[in-house]
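**Q** Mind having a look at this structure? Questions to follow.
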Amino acid sequence: MPPTDNQGSFLNRISIRRNQVVYEHEIEDLEQFQKHVADRLSELLPPSSHADELAAVDPPETLLSIAWFRRLLDAFLCCEAEFKAVVIMGRDAANFAKSPLDRLIPEHLDRTVKALDICNAITHGIDLLLHWQKLAQIAVDSLQQRPIGEGHVKRARKALNTLLSSITIDDKENHHHGKAAAAAAKDHATIGNLRSLSYCFARSWSASKQIQAMSSNLVAPRGGEPTGLVIPVYLMSFVLVFVMWAMVAAIPCQERTGLGAHLQLPKQFQWAHPMIGLQEKIGELWKKKEKKGRSGLLDETQRLEKLGRNIVEFADGFTFPVEAEKAAEVEEQVAEMVEICQKMEELVPLQLQVRELFHRIVRSRAEALDVLDQMSERDRSLPIRRYPSCIVSQKCITFSFALCKRVFSSSYKTYINIDIVVQNRSCRLLPTSTMGEPQKVIFQVCLHDCRSQRKAMKAISKVIGEFWINSIEVDVDGNNLTAVGVFDLICGHRKLKKVCKKTKIKSVEIVKPEEPKKEEPKKEEPKKEEPKKEEEPKNPVWHYQPPYNPCYMPQPFYVAVEETPHCCVIF
Amino acid sequence: MEADQDPSNLHLHDDTLTQQIDRFISSHDPPDHILESVQCFSLLFDEEVVQYESGTKKWTLHETSSFLVSVERTSKLLHSLSRFQSQDDYAAAINQISGIHQRAMSFMEDEFKSILDDYQTSHDRDQKNLDEAASSPSDDQPQPDDQPVDDNSKDNFLGYSDDMISNLKKLAKGLIGGGHQTECSELYFFVRRNAIEHNLKLLPFEKFSIDEMQKMQWEPIEKEVSAWTKMFKDFTTSLLPSERRLVDAVFSSSSSAISDSLFGNLARIVLFYFLTFAEGVMMTKRAAEKLFKFLDIYEALRDSIPQVEKYLSDDWLLQLRSVASLINNMLGDAIFTIFGELENSIKADTGKTPVPGGAVHPLTRYTMNYLKLACEYRDTLQQVFREHKKIIDRADSATGSDWDPSSEEVTQNVDEDHGSSFQLQLGRVMDLLDANLEAKSKLYKDPSLSLIFLMNNGRYILQKTKGTGEMRSLMGDPWVRKRSSDLRSYHTNYKRETWTKLLQCLSHEGLSVNGKVMKPVLKERFKSFNAMFDEIHRTQSTWVVSDEQLQSELRVSISAIVIPAYRSFMGRFSQVFTPGRQTEKYIKYQPEDIETCIEELFDGNAAQQGKKR
């Protein structure tokens, strides 16, 4: 897009259109989106294959470890947000009425529903993992006693036996749970038998079938499709299925035989390559696993199981006093187990993240449906909902941005029956947060001198200054630019790229305005909000809270922005 | 027990032995002979544990304490001995004691579990007793705990007797004191979790996945929702509080963190189970008939979540609230949208076939019944609308920098002055319905019939509104007054439309010239009166006025204008005709006949009878 055209009159910026043309910048956006997805996923690949400069900053976690999953989910949430911003929101519903999309979008939505069930199953699976962690913790606690006495060893053995039997039970077909539980109960040395997943779904529910159902009708679009939206929708479906597939493979889940074969990725697309790389690696692990009949590919579980067996072996041959050699060996194993247990502490945030994922999917689906509804309502040529349609008059144009903002910000909740396209797109509707929640976006930039830093901040404040922006910061190294506020992330990204070519969107989080533990006290909330908020907590649960999940604390995952005198803050 | 030489005459709780050990525990220097005492103690305790394990010694409430004292002593001893672990003979003693300690702990774990597991039988017995209303004395064993259970739910520890509770309490204390806190809480958690699952399984409530619910018909889900609402209330008001009491009772001697986290986890499971269903229902395709079930869920959540909240500790509370508020928002949104859909469905009803006989239109019936039901949920709907408005306001104010802060206050004032947005919405729906009916009335060719149609529908709307207290108060007196006056004007217009012409025939004017009656004109008048009246009778008796009161009102008012006029007309002019043939020919109706004919109007099915006559 030529950089000079945004000084034109507002009339040029706002045009009323009936027909949809995919503009140049939109195509650019869509391509960017595909690239971002590929980038995010390739960061998750093991380092050997990908020596990104980022790898130096964040060494990639072990494949299929809990930390890896946390990153995977983060990546997915980012992709999802961008998908919504680029493909769904602010778009005319008629876009989706055309031939491939009218099928693709509902199919995608159907997949998201299936993903929800998987999310629920995963949530339960994590419960089970937490149980295993506790058992491992018992073993660790008792084996850390000195000197290791008979009693300590026995205690550890009991806990580990329970753990191991729980792992193997879980692995046998879950729908024969009754039997398995009975078998576990027979084993004298168990600590609570967990009917792990029995109540989550009906017995016939199968994670692997669910994945299969999600991926079976996912067919690569042919080349030269009319709209540029086809590929992104297709891509998003794939990412969704892939993430679910990986989770089901790793975390205990009801019935997942033959999972390895259920995902076929298209080779012809660039963005699919990191996914294929990941899939191959996981697939190999899965094949090994299926032969051995073990549970869950989660790195921690695998290691826990191995260590567990070793320690039980040690315990079985235990005589007092322990030989020095053996003691050292055990000590080493216990140390490793301690490390695993520490890593498993991350399970709770992971579980919350899965819940967040769940709710994000629910919300996105609702929003997408709203956009589609608009379509069908228009077909009936009925005035939409109860909102008066907005008349674009000269006055409106004079008020320009202020009004456009209103129009666009409310376009989720209020269905305004006109299409306003602001051509420089700084009024494109809030991408991640539909309800105008402030978001915190970290851009990865390369701004090593004061001048370029200032330039960058100017650029971004210019774009997003039109929106509600709370702060812009650049950290000391000039590697990260953090912008907090309600604004268009895509647009901000483009502006920044003019200053620094390598700009990437690193993370997007939604800032919680009313969290007690918030990291970013939002002083800038409009004054009129303040008195209102104080009235609300009369009936605390039922007053409206923005639909995000406050208990999912987005971890400042990538880089925490340091608070130093160097950083500039614009309020 | 190979070497029982020395301790054979000693008792485990022998004063000298225990004192010696306790002294060792409390002091810091190793006294002489302590290892011997430890040896002695361990052998004795080992024997006791073996007795318990093999079942020769039964676990009773009284002996528990002494056993627990020994266990406590063992763990303390273990701790004290560990100071001297570098010395080999002490290390050996540690080994020995730790082994016994572990066995004792293990035994206690088993005991704890078996007592906990015992809930089923006693709980089921409670159930049975409750079901049969204690009518059958078949359970002959004395159950001292049963009476209070039935009478006072406060004492109901989910089917655990007081003895069991105090046993559990002691065991939990012992286990936690002995460092087996994790085992103890895991055990507790799994037993209770299985118990809850067992309870859930017994419920007449099928578990569907969200995906399945998407594909299901609404009717089965509807049934599930009714079951769900009831059970959700049950679980939150009775089961969860009892769980909390139980966990508090069992872990009363240890820190509240344990019971908080245990209960939090259990509550999470229960709530997760129920909330997933709510989420699933909510995600099904929105449709008008779902409104009331959505409202049921909304109300259940609104009422029950705070009940649970009381029992949760802070971090669990936060989790629950966030989930609940999410569901609440989405439900609110769905309800709002669905209710808004009503407008669309009214607008969309543009059928071109008039209802025969001007009867109440199905749309009117549907809409009014819908609104009547909706008004039963009036408070909830008002809440939903209020909250929804907040969302929109916030979305506006969060982005619109030029948003005038005063306008919010203005709207709020408006809200108070002119009623809630729900009320406004209701008014809008009524107006739409009116407009739609107005348009539909134009479909009738006969203006009288379209008036009858309007009267019928208007009457129906008014009656429904008046019949529902909530709706009446929402619509307000002015509205009711306006509707009534509308109805009256329809009535008047109808009378004018249909009966004025007829009455013109009965006019005395133009009949007599110079005091002499013009016979041909009179004949003509009677003829046309008869024809017109026949026609009116024929058509209008097929018309429908189903509201009895309205029907009789109409008949009475028609009679009131027609019959006196006819009577006087006849009285004045009947003698003009020569009696006999002529009279018979022209005076077809006696006033009484007219009255019966009027009585036959608006019957809907009187068509044939009218013709036969």
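The values are calculated or read from the model by the stated rules, or taken from the named source; none is laboratory data. Just so you know, these numbers come straight off a predicted model, no measurement behind them. Cβ sites come from the backbone with ideal geometry, for glycine too, and all protein chains shown count toward neighbours.
**Q** Could you check A:Ala328 against (1) within 14 Å of chain B (Cβ to nearest Cβ); (2) at pLDDT 85 or above and say which number it fails?
**A** (1)
**Q** Return the pair list, or none, for Cβ contacts closer than 9 Å from residues in segment B:80-97 that are at the interface with chain A (Cβ under 7 Å from one of its Cβ atoms) to residues that are charged (D, E, K, R) and part of a helix (DSSP H, G or I), at least 6 apart or on different chains.
**A** B:Asn95/A:Glu150
**Q** Is at least one residue of segment B:257-267 within 17 Å of B:Ile196 (Cα to Cα), among the polar types (S, T, N, Q) and touching a residue at least 24 places away in the same chain (Cβ under 8 Å)?
**A** yes
**Q** Return only the number of the condition from (1) surrounded by 20 or more Cβ atoms within 10 Å (Cβ to Cβ); (2) touching a His at 6+ places or on another chain (Cβ under 7 Å) that B:Leu342 does not satisfy.
**A** (2)
**Q** I've got another one for you. Looking at (1) surrounded by fewer than 18 Cβ atoms within 10 Å (Cβ to Cβ); (2) of a type in the set (Val, Ile, Thr); (3) at the interface with chain A (Cβ under 10 Å from one of its Cβ atoms), can you tell me which one B:Ile196 breaks?
**A** Unmet condition: (1).
**Q** Here's something else I'd like to know. Tell me, yes or no, whether segment B:208-221 has at least one residue that is in contact (Cβ under 8 Å) with a residue 24 or more places away in the chain, charged (D, E, K, R) and within 21 Å of B:Tyr298 (Cβ to Cβ).
**A** The answer is no; no qualifying residue exists.
**Q** Can you pull out every residue in segment B:335-358 that is in a helix (DSSP H, G or I) and away from chain A (no Cβ under 14 Å)? Full working, then the answer.
**A** Our first condition is that a residue be in a helix (DSSP H, G or I); within segment B:335-358, this holds for B:335-348, B:356-358.
Of everything in segment B:335-358, those that are in a helix (DSSP H, G or I) and away from chain A (no Cβ under 14 Å) turn out to be B:Pro356, B:Gly357, B:Gly358.
**Q** Would you mention how many residues in segment A:453-482 are at pLDDT below 70 and either part of a loop (DSSP other than H, G, I, E, B) or among the basic types (Lys, Arg) (or both)? Please lay out each step first, then the result.
**A** Looking only at segment A:453-482, we keep the residues that are at pLDDT below 70, and these are A:461-471, A:476, A:478.
Narrowing further to those that are either part of a loop (DSSP other than H, G, I, E, B) or among the basic types (Lys, Arg) (or both): A:462, A:465-467, A:476, A:478.
Final tally of qualifying residues: 6.
**Q** Select, from B:Lys207, B:Lys201, the only residue that is within 8 Å of another protein chain (Cβ to nearest Cβ), assigned to a loop (DSSP other than H, G, I, E, B) and out of contact with any Asp or Glu (no Cβ under 9 Å at 6 or more places or on another chain).
**A** Working: B:Lys201 fails: assigned to a loop (DSSP other than H, G, I, E, B).
Answer to the check: B:Lys207.
**Q** Quick one: in segment B:308-323, of everything that is at the interface with another protein chain (Cβ under 7 Å from one of its Cβ atoms) and closer than 13 Å to A:Glu356 by Cα, which residue is farthest from the chain's Cα centre (by Cα)?
**A** Result: B:Gln319.
**Q** Something else now. Does segment B:510-526 include one or more residues that are within 60 Å of the chain's Cα centre (by Cα) and hydrophobic (A, V, I, L, M, F, W, C)? Break it down stepwise before answering.
**A** Step one: filter segment B:510-526 for residues within 60 Å of the chain's Cα centre (by Cα), giving none.
No - not one qualifying residue is present in segment B:510-526.
**Q** Here is a follow-up. I'd like to know if segment A:96-114 contains one or more residues that are in a helix (DSSP H, G or I), of a type in the set (D, E, K, R) and more than 30 Å from A:Ala366 (Cα to Cα).
**A** Here is the first cut: in segment A:96-114, the ones in a helix (DSSP H, G or I) are A:96-97, A:99-114.
Those still in the list that are of a type in the set (D, E, K, R) too: A:102-103, A:107, A:110-111, A:114.
Adding the requirement that they be more than 30 Å from A:Ala366 (Cα to Cα) leaves none.
Taking every residue of segment A:96-114 in turn, none turns out to be in a helix (DSSP H, G or I), of a type in the set (D, E, K, R) and more than 30 Å from A:Ala366 (Cα to Cα).
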